[in-house]
Amino acid sequence: MFMKRIGIAILLFAGLFCHNLQAQEGSFNPSGMPKNGTIFGKVLDEKTDHTIEYATIGLYRQKDSSLITGTISDNHGIFELKELPYGLYYLEVNFLGYEKFRLNKILVSPQKSSVNAGLLKIHPSAVDIDAVEVVAESNQIEYKIDKKVVTLSQDMTSAGGPVSQALENTPSVEVDIEGNVTLRGSSNYKVLIDGKPSVLDGSEALQQIPASSVHSVEIITNPSAKYDPDGAAGIINVVMKKQKQRGFNGVINASIGTHNKYDTDFLLNARQDKTNFFLGGRYSDRSFYNEGTSERQIFRGDTTFYTLTDRDGEFSRDGFSIRAGADYYITDKSTVTLQGRFRQRNFARIFDNTFTEYNNLEDTIVYYLEDNNSSDNEHEFDLSLDFRKEYSSPLHELKASLFFSREVENETEAMNEQFTDSDWQPLFQSTALNRSFEERTEKELRAQIDYVHPFNEDTKFEAGFQSRWDMDNADYNFEDFDTDRNAWITNNELSNKLEYLDAIQSVYGIYTGKLGKFGYQGGLRVEYDNRYINQITLDEEYRYEKLHFFPSFYITRELPKKMQLQLSYSRRIDRPRERDLNPFKDFMDNQNIRVGNPSLSPEFTNSFELNYQIPFKKNFVSFETFYRHTNNVITRYTEYDTINDIFIHTVHNADKEYSAGGEIMANINFTPWWLFTLSGNLFHYTLSGENEGEYITRSTTSWGGNANMIFKLKWDARIQLMGMYRGPSVTLQGERKGFFFTNLAVRKDFLDRKLSVTLNMRDVFQTGKFSFTSEGSGFYTSQEFRRESPIIMLTLSYRINNYKQKRNGNGNGNGEEIQEMDFQDDGM
């Protein structure tokens with residue numbers, strides 16, 4: 001208990017010290033000398049050469065040890081002290097669990113106004129701090145120069161759920177009631193996992209990754225030329241957990257929820273001086289119930305045909321995944337990492353539909369049932385090898401990586417249709433039986449190299465090359481049941497084979513600099529895209545070969561009191577998927593088929609952003625405005641085939657799309673026990689294109705918002721309440737209504753915070769529903785879906801040896817150890 005109180009006192013003192021540093025920054029200048037000096041450097045772990053973020057750096061006058069200024073290291077371990085008067089100083093680095101580091105005799109002079117302190121390697125301390133309780137919390141959402149960083153550990157309502165659920169309370173992100181994620185109203189974004197591409201697309205990937213295995217999610221709405229240009233709306237990068245503490249540690253999570261929802265996962269880490277091993281796994285088995293209604297109207301002269309549908313369905317997902325890897329520190333500046341991942345997933349959908357058909361001129365009413373069962377089995381693996389070399393100056397580094405993934409998907413679907421009486425009792429045997437099988441193998445290979453060369457603390461050049469190969473083979477088989485033969489017969493009109501290859505070679509260059517109070521960055525990515533489609537069944541080939549250019553720029557303006565104004569631009573691309581390009585018919589059900597468009601072109605987006613951030617104490621307010629102009633918009637169309645009485649769903653390139661809007665977010669600590677986060681967005685959307693031979697322009701103004709409150713209670717407990725609203729939107733052929741829902745969670749820690757128990761309830765008031773309409777020549781449809789609610793989940797999380805270090809060593813008589821050395825100016 002005594003050591004615990006000392007530890008808490010140390011942490012409180014450190015917090016007060018950091019606050020005092022900020023308050024005094026740049027204020028000490030008794031001689032009146034010009035404040036033109038700068039000292040910069042990088043903080044590393046002496047044993048592992050791992051960067052240390054949030055280390056406290058204090059600068060003192062060598063003569064009398066008076067404090068001049070201070071700062072903390074960023075997420076790359078880099079720090080910078082600016083506007084320093086000329087003089088002789090020493091610098092101290094402090095970080096919990098490490099010995100104090102002191103660098104003496106740093107001279108800042110007119111001849112040497114910018115001083116590179118180099119790599120400051122601090123040594124783990126030798127004090128037993130097992131009894132010290134370390135409770136470090138960060139804001140749930142942190143704004144950086146080019147992205148928003150969402151720390152999932154701060155969101156209790158996502159406990160036991162996927163990443164898509166955790167993003168419901170994130171600015172710029174919208175999540176509908178089915179878990180589909182859009183970024184500023186667009187589903188055209190790219191998902192990365194630890195900076196590498198996901199085999200799954202968009203929402204599907206975010207619905208498969210457990211939030212408990214994720215450290216943070218980076219929302220990059222205007223990526224620079226360094227990143228892949230894919231995703232018109234930007235990039236969502238999922239950063240997986242990988243512990244940094246020495247020894248053996250880990251975390252185990254288990255969840256159980258209403259209506260057959262089970263989930264468990266673990267992450268284990270073992271670290272030594274030269275090596276770091278990690279192993280993680282997950283098993284999940286979840287079922288979700290939903291219901292819906294729809295109305296379809298077909299117009300033929302004076303006659304209107306009506307079809308009313310009631311749907312009751314169940315979605316189920318089960319599967320497991322495992323990932324493992326190792327870091328090896330070849331030298332203190334060179335690291336190689338090998339990691340792999342294997343995942344198997346089963347997805348099943350069971351729908352029982354009732355149909356009522358009639359028209360406005362006859363009294364006859366037809367009733368029938370349709371059972372639609374589908375399953376999707378996937379297994380995939382990926383393997384990556386990464387090399388990183390750091391040079392003597394901060395940020396000077398070389399990276400190289402190889403990445404390979406392979407996914408095999410088998411999808412089956414069966415449908416049974418029966419006519420009934422008005423009480424839904426079958427009148428005779430099934431009138432229609434059919435089933436489909438799809439087998440698809442998808443492979444991706446990437447080789448990449450990136451280089452960063454800093455010229456000084458404000459200027460650097462980055463360059464890189466990437467070779468990317470996306471390969472896909474698909475085999476679609478459709479069968480009808482022949483009751484006379486009592487056998488399944490292949491339907492050659494719907495069965496086909498397809499080969500797909502997209503080879504992309506790209507290079508990029510970025511230059512970053514500073515001019516007075518303005519910072520700037522300009523970049524260009526050049527890409528050669530060579531796409532090939534072989535429709536084997538039709539014996540037709542389609543090629544697309546283009547050279548694309550993707551410029552980007554950032555301009556930032558530093559303002560008083562750490563406020564910042566930023567203007568950015570990037571050009572993005574959204575490439576059509578293999579299924580959207582396949583010209584063969586794809587059966588959906590007896591009323592709907594899907595047909596791809598092999599002449600589909602990529603869509604290109606010019607994206608502009610103007611952002612303004614105001615930090616004050618522990619709070620901040622952020623204003624963001626954006627404008628996007630997209631050409632060749634990939635748009636889904638529905639046509640009604642009057643001859644075959646069926647809807648045909650296809651895709652075309654519309655003309656243009658414009659969207660402009662603004663976002664505001666406030667993160668406010670009203671009291672030490674009450675944190676309030678509020679965000680809202682307002683945007684205007686315009687879509688122009690041809691629909692059934694007529695040029696149409698549709699516009700809408702919509703808004704949405706999130707409100708999140710966390711109450712920190714006594715006894716290591718807290719409560720979180722979250723509400724979300726999404727406004728309506730339009731398409732060329734219809735519109736979607738707005739919706740809202742509310743989540744509630746309670747968490748309690750036990751066993752000195754080794755064990756956490758979380759109870760959360762989603763959609764507390766059962767308001768989540770999805771409604772939309774669509775109309776065209778000769779038809780009108782409206783649909784409404786309601787998801788299962790409320791959903792209650794109980795999650796247990798147990799941490800193994802987390803955040804504990806044992807050491808023994810010698811003190812200096814004051815209870816601390818100090819590394820001390822003199823600064824050596826190498827003239828660089």
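For residue 463, state whether it is under 30 Å from residue 601 (Cβ atoms), out of contact with any Gly (no Cβ under 9 Å at 6 or more places or on another chain) and not charged (D, E, K, R). Against the criterion (under 30 Å from residue 601 (Cβ atoms), out of contact with any Gly (no Cβ under 9 Å at 6 or more places or on another chain) and not charged (D, E, K, R)), residue 463 does not qualify. Looking only at segment 284-307, count how many residues are surrounded by fewer than 16 Cβ atoms within 10 Å (Cβ to Cβ) and without any contact (Cβ under 8 Å) to a residue 60 or more places away in the chain. Adding up the residues that qualify gives 6.
Is at least one residue of segment 683-705 within 22 Å of residue 255 (Cα to Cα), open to solvent by less than 50 Å² (accessible area, probe 1.4 Å) and touching a Leu at 6+ places or on another chain (Cβ under 7 Å)? Break it down stepwise before answering.
First pass over segment 683-705, keeping only residues within 22 Å of residue 255 (Cα to Cα): none.
Looking for residues that are within 22 Å of residue 255 (Cα to Cα), open to solvent by less than 50 Å² (accessible area, probe 1.4 Å) and touching a Leu at 6+ places or on another chain (Cβ under 7 Å), one finds none in segment 683-705, hence no.
Could you tell me whether residue 586 is within 27 Å of residue 471 (Cα to Cα) and either part of a strand (DSSP E or B) or open to solvent by 60 Å² or more (accessible area, probe 1.4 Å) (or both)? Yes; evaluated as a whole, the condition is true for this residue.
Checking each residue in segment 566-609 for being more than 23 Å from residue 233 (Cβ to Cβ), touching a Leu at 6+ places or on another chain (Cβ under 6 Å) and of a type in the set (A, V, I, L, M, F, W, C) picks out only 587. Going by the conditions given, is residue 556 out of contact with any helix residue (DSSP H, G or I) (no Cβ under 9 Å at 6 or more places or on another chain), assigned to a loop (DSSP other than H, G, I, E, B) and among the β-branched types (Val, Ile, Thr)? So residue 556 does not fit the description; no. Among the numbered conditions (1) more than 30 Å from residue 45 (Cα to Cα); (2) modelled with pLDDT of 90 or more; (3) charged (D, E, K, R), the only one that residue 389 does not meet is (1). With respect to the conditions (1) at pLDDT 85 or above; (2) open to solvent by 80 Å² or more (accessible area, probe 1.4 Å), residue 57 falls short on a single one, namely (2). Residues that are outside any loop (DSSP other than H, G, I, E, B), among the aromatic types (Phe, Trp, Tyr) and over 29 Å from the mean Cα position of the chain (by Cα): does segment 515-524 have at least one? Checking segment 515-524: at least one residue is outside any loop (DSSP other than H, G, I, E, B), among the aromatic types (Phe, Trp, Tyr) and over 29 Å from the mean Cα position of the chain (by Cα). Working only within segment 602-645, note down all residues that are surrounded by fewer than 16 Cβ atoms within 10 Å (Cβ to Cβ) and either small (Gly, Ala, Ser) or closer than 20 Å to residue 579 by Cα (or both). The one that is surrounded by fewer than 16 Cβ atoms within 10 Å (Cβ to Cβ) and either small (Gly, Ala, Ser) or closer than 20 Å to residue 579 by Cα (or both): 636.
From the list 793, 724, which one is in a strand (DSSP E or B), under 27 Å from residue 264 (Cα atoms), within 25 Å of the chain's Cα centre (by Cα) and in contact (Cβ under 8 Å) with a residue 12 or more places away in the chain? So that I can check it myself, show each step before the final result.
Values: 724 fails: under 27 Å from residue 264 (Cα atoms).
Selected residue: 793, the only one of 793, 724 that is in a strand (DSSP E or B), under 27 Å from residue 264 (Cα atoms), within 25 Å of the chain's Cα centre (by Cα) and in contact (Cβ under 8 Å) with a residue 12 or more places away in the chain.
I'd like to check something: does segment 789-798 contain any residue that is out of contact with any Phe, Trp or Tyr (no Cβ under 6 Å at 6 or more places or on another chain) and modelled with pLDDT under 85? Checked against the condition, which is being out of contact with any Phe, Trp or Tyr (no Cβ under 6 Å at 6 or more places or on another chain) and modelled with pLDDT under 85, segment 789-798 yields no hits at all. Farther than 30 Å from residue 782 by Cβ and modelled with pLDDT of 90 or more - does that describe any residue in segment 284-301? Within segment 284-301 (the criterion being farther than 30 Å from residue 782 by Cβ and modelled with pLDDT of 90 or more), the answer is yes, since at least one residue qualifies.
Residue-wise test of (1) farther than 30 Å from residue 51 by Cβ; (2) in a strand (DSSP E or B).
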position	(1), (2)
328	no, yes
345	yes, yes
352	yes, yes
355	yes, yes
364	yes, no
373	yes, yes
377	yes, yes
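Going through segment 60-91 one residue at a time, which ones are open to solvent by less than 10 Å² (accessible area, probe 1.4 Å), part of a strand (DSSP E or B) and closer than 27 Å to residue 397 by Cα? Answer for segment 60-91, where residues must be open to solvent by less than 10 Å² (accessible area, probe 1.4 Å), part of a strand (DSSP E or B) and closer than 27 Å to residue 397 by Cα: 70, 79, 81, 91. Test residue 533 against the criterion of being among the aliphatic types (A, V, I, L, M), under 21 Å from residue 469 (Cα atoms) and either surrounded by fewer than 15 Cβ atoms within 10 Å (Cβ to Cβ) or free of Cβ contacts under 8 Å to residues at least 60 places away in the same chain (or both), and give yes or no. No; evaluated as a whole, the condition is false for this residue.
Here are 192, 200: which of them is open to solvent by 10 Å² or more (accessible area, probe 1.4 Å), modelled with pLDDT of 75 or more and aliphatic (A, V, I, L, M)?
192 is the lone residue from the list that is open to solvent by 10 Å² or more (accessible area, probe 1.4 Å), modelled with pLDDT of 75 or more and aliphatic (A, V, I, L, M).
The values are calculated or read from the model by the stated rules, or taken from the named source; none is laboratory data. This one's a predicted model, so the numbers in the text were calculated from it and none came from an experiment. Because the Cβ atoms are built from the backbone with ideal geometry, glycine has one as well, and the counts that use them run over all protein chains shown. We work out accessible area using only protein heavy atoms, side chains counted, and drop any ligands, DNA or RNA first. Shrake-Rupley method; radii C 1.70, N 1.55, O 1.52, S 1.80 Å.
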